[in-house]
Amino acid sequence: MSTLLLNMSLDAPPGPAAPPQCPSASRHQRFLKRRRLLERRRLLKDKQLPPRSAAPGKDKPPAPPRESQEQPCAPPAPPAQTGAVAWVTPASRGKGAAARPLPSAEELLNEFAAANEASPAGDPTKVVAVDCEMVGTGPRGHCSSLARCSIVSYHGDVLYDRYVRPPCPIVNYRTRWSGIRKRHMAIAVPFQAARKEILKLLAGKVVIGHAVHNDFKALHYSHPRSLTRDTSRIPLLNRRAGFPECEAISLKRLTKKLLHQDIQTGSQGHSSVEDARATMELYKVVEDEWEEVLRRTPQTN
């Protein structure tokens with residue numbers, strides 16, 4: 001009897017190597033698997049679910065055609081959806097996290113409008129310009145005391161313009177610069193009463209002024225820094241007018257250069273209304289740029 005020897009191997013028969021799986025296709029398959037899991041758990045909203053076909057028994061979208069090995073690897077086309085597109089942010093990639101719908105154009109516009117409303121500078125009714133004129137009191141008239149205050153709106157309307165009687169006797173009227181004369185004190189409002197009215201108008205507003213710290217000092221007041229815009233201390237205006245950025249330029253020179261207007265002329269002294277309006281117009285020249293810079297570098301009060 002002859003001996004029969006069998007050479008048997010349990011290994012898989014040799015053949016062509018399996019093509020590598022496309023990374024995009026793998027991610028898409030994981031996405032579909034995760035979405036089916038969320039559908040079974042009823043964690044998706046109606047608008048995030050794929051549309052159902054009108055014919056019964058055809059709820060699933062048709063599978064993409066199989067590509068041959070000769071074609072380049074490409075991600076399969078996602079199923080068409082008529083509702084909002086579901087997208088996953090990096091913060092929501094955790095296990096079981098529901099997809100968040102892409103915000104619509106209307107929602108983005110509403111969000112932008114809400115951001116503008118949150119900033120007082122985005123509302124013209126919340127922006128005012130102030131200018132004060134001072135007289136000399138105290139020893140030799142070296143102390144500056146409030147004698148007139150003017151406040152104008154974003155559009156230049158006069159909100160407040162009153163002569164103010166200082167609590168101390170006036171030694172020097174400084175008429176050449178202030179425009180204040182003795183006769184003006186006959187119709188002046190006492191300092192404390194005027195201060196109360198002025199601070200009520202400034203509360204919660206973005207206050208524009210040129211060297212406005214002097215005006216606040218005369219009012220014995222400190223306005224929040226985040227709501228203060230001093231046109232004498234912004235390089236944007238100086239750069240636009242061709243002046244050195246770190247130099248304090250007078251309101252008269254800036255107005256002449258940028259607005260082509262002459263103010264503070266003659267021997268009658270300054271007009272606080274005119275100066276406040278000029279300050280507001282200078283602010284408008286660089287308003288968008290200035291507010292954008294302040295948004296990127298917010299100031300503390």
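The values are calculated or read from the model by the stated rules, or taken from the named source; none is laboratory data. Quick caveat: nothing in here was measured; it's all calculated off a predicted structure. Reconstructed Cβ throughout: ideal geometry from the backbone, glycine too, with neighbour counts over all protein chains shown.
Give the residues of the range 122-168 that are closer than 13 Å to L202 by Cβ and of a type in the set (V, I, T), sorted by residue number. Steps first, please.
Initial filter on the range 122-168 (closer than 13 Å to L202 by Cβ): 126-132, 149-153, 159-160.
If the condition is that a residue be closer than 13 Å to L202 by Cβ and of a type in the set (V, I, T), then V127, V128, V130, I151, V152 are the ones that fit.
On the given criteria, is I263 in contact with a Leu (Cβ under 9 Å, 6 or more places away or on another chain), under 21 Å from V152 (Cα atoms) and assigned to a strand (DSSP E or B)? Reasoning before the result, please.
Values: in contact with a Leu (Cβ under 9 Å, 6 or more places away or on another chain): yes; under 21 Å from V152 (Cα atoms): yes; assigned to a strand (DSSP E or B): no.
Answer is no for this residue.
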R229 touching a residue at least 12 places away in the same chain (Cβ under 8 Å), under 21 Å from S153 (Cβ atoms) and touching a Gly at 6+ places or on another chain (Cβ under 8 Å):
yes
Please go through the range 133-191 and pick out each residue that is without any contact (Cβ under 8 Å) to a residue 24 or more places away in the chain and either in contact with a Ser or Thr (Cβ under 8 Å, 6 or more places away or on another chain) or charged (D, E, K, R) (or both).
D157, R181, K182, R183
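When you check R183 against the structure, is it farther than 14 Å from S271 by Cα, loosely packed, with under 15 Cβ neighbours inside 10 Å and either of a type outside the set (G, A, S) or within 36 Å of the chain's Cα centre (by Cα) (or both), yes or no? Even if it seems obvious, please write down each step before you answer.
Details: farther than 14 Å from S271 by Cα: yes; loosely packed, with under 15 Cβ neighbours inside 10 Å: yes; either of a type outside the set (G, A, S) or within 36 Å of the chain's Cα centre (by Cα) (or both): yes.
Criteria met by R183.
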Is the range 234-249 home to any residue that is of a type in the set (V, I, T), touching a residue at least 24 places away in the same chain (Cβ under 8 Å) and assigned to a helix (DSSP H, G or I)?
no
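With respect to A248, determine if the residue is touching a Lys or Arg at 6+ places or on another chain (Cβ under 9 Å) and under 30 Å from R295 (Cβ atoms). Explain how you work it out, then say what you get.
Numbers: touching a Lys or Arg at 6+ places or on another chain (Cβ under 9 Å): yes; under 30 Å from R295 (Cβ atoms): yes.
Yes.
Here's the yes/no breakdown for (1) at pLDDT below 95; (2) β-branched (V, I, T); (3) touching an Asp or Glu at 6+ places or on another chain (Cβ under 7 Å):
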residue	(1), (2), (3)
S232	yes, no, no
E245	yes, no, no
Q261	yes, no, no
S267	yes, no, no
H270	yes, no, yes
K284	no, no, no
D288	yes, no, no
V293	yes, yes, no
N301	yes, no, no
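Yes or no, residue by residue, for (1) more than 28 Å from the chain's Cα centre (by Cα); (2) basic (K, R); (3) exposed (fewer than 15 other Cβ atoms within 10 Å of the Cβ); (4) under 30 Å from P169 (Cα atoms):
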| site | (1), (2), (3), (4) |
| --- | --- |
| F191 | yes, no, no, yes |
| L199 | no, no, yes, yes |
| D215 | no, no, no, yes |
| R240 | no, yes, no, no |
| S267 | yes, no, yes, yes |
Any residue at all in the range 106-127 that is surrounded by 10 or more Cβ atoms within 10 Å (Cβ to Cβ), β-branched (V, I, T) and at pLDDT 95 or above?
yes
Conditions (1) in contact (Cβ under 8 Å) with a residue 12 or more places away in the chain; (2) part of a helix (DSSP H, G or I); (3) not polar (S, T, N, Q) -> K256 fails only (1)
Just one of A241, A276, A218 is modelled with pLDDT of 95 or more, small (G, A, S) and out of contact with any Cys (no Cβ under 8 Å at 6 or more places or on another chain); which is it?
A276
